[in-house]
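Notes follow once the structure below has been shown.
The values are calculated or read from the model by the stated rules, or taken from the named source; none is laboratory data. Treat the numbers as computed from the prediction; the structure is a model and nothing was measured. Heads up, the Cβs are rebuilt from the backbone with ideal geometry, glycines too, and the neighbour counts pull from every protein chain shown.
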Amino acid sequence: MTVGSDLVQVDGGKREAFDMHSVGNKAPAQDSQQDLDASFKTLSNGKLQVTIKRPLDTGDFIDDYVLPVDQPFDIAWAVNTKSSDISKYHSRRGTVRLMISSFIDPESTSDDNTGDDEFVDDSNFD
């Protein structure tokens, strides 16, 4: 992984999330400033849903990127499907292109995190 990459590391067993950054081909380092808000929910199928929130601009110019609005950007993900031990290397990884929209739909401003109206594609994690 590229040195300095902004990371979120989740320990599903302990239900903790950490604001991290890459230091090369070894375990990531924890940021000195933790800018994440994480919530955890066990779904009816027994899988864990994790919701991570953070400001677009955390003010942490050393370890965090400013997330752009209304323009696409790429993120990478990685998961260990065999263990929730965060010291273990990931078994699956990939990338996805996202765009955060500045448009706010007044009909969908709920912040209840129920996940009932969200599509979660977890087929890659079995």
(message) As an exercise: evaluate Ile52 against (1) loosely packed, with under 13 Cβ neighbours inside 10 Å; (2) touching a strand residue (DSSP E or B) at 6+ places or on another chain (Cβ under 6 Å); (3) assigned to a loop (DSSP other than H, G, I, E, B) and give the number of the one condition it does not meet.
(response) (3)
(request) Please specify each residue of the range 17-44 satisfying the condition of being over 19 Å from Val66 (Cα atoms), part of a loop (DSSP other than H, G, I, E, B) and hydroxyl-bearing (Ser, Thr, Tyr). (result) Ser44
(message) Yes or no: the range 60-74 includes at least one residue that is in a loop (DSSP other than H, G, I, E, B), touching a Ser or Thr at 6+ places or on another chain (Cβ under 9 Å), closer than 22 Å to Leu98 by Cα and modelled with pLDDT of 95 or more.
(response) yes
(message) Among the residues that make up the range 76-85, is at least one of them assigned to a loop (DSSP other than H, G, I, E, B) and at pLDDT 90 or above?
(response) no
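From Lys47, Lys26, which residue is in contact with an Asp or Glu (Cβ under 9 Å, 6 or more places away or on another chain), surrounded by fewer than 15 Cβ atoms within 10 Å (Cβ to Cβ), farther than 29 Å from Ile104 by Cα and among the basic types (Lys, Arg)? So that I can check it myself, show each step before the final result.
Numbers: Lys26 fails: in contact with an Asp or Glu (Cβ under 9 Å, 6 or more places away or on another chain).
Answer to the check: Lys47.
Can you tell me which residue within the range 86-107, out of those that are charged (D, E, K, R) and part of a strand (DSSP E or B), is farthest from Gly13 (Cα to Cα)?
Residue satisfying both the conditions and the ranking: Arg97.
Looking only at the range 60-80, how many residues end up being more than 26 Å from Gln34 (Cβ to Cβ) and within 17 Å of the chain's Cα centre (by Cα)? First the steps, then the outcome.
So the first thing to find is which residues in the range 60-80 are more than 26 Å from Gln34 (Cβ to Cβ), and the list is 70-72.
Then drop every residue that is not within 17 Å of the chain's Cα centre (by Cα), which leaves 72.
Residues that pass the stated criteria total 1.
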(message) Looking only at residues that are surrounded by 14 or more Cβ atoms within 10 Å (Cβ to Cβ) and in contact with a Ser or Thr (Cβ under 7 Å, 6 or more places away or on another chain) in the range 12-23, which one is nearest to Asp63 (Cα to Cα)?
(response) His21
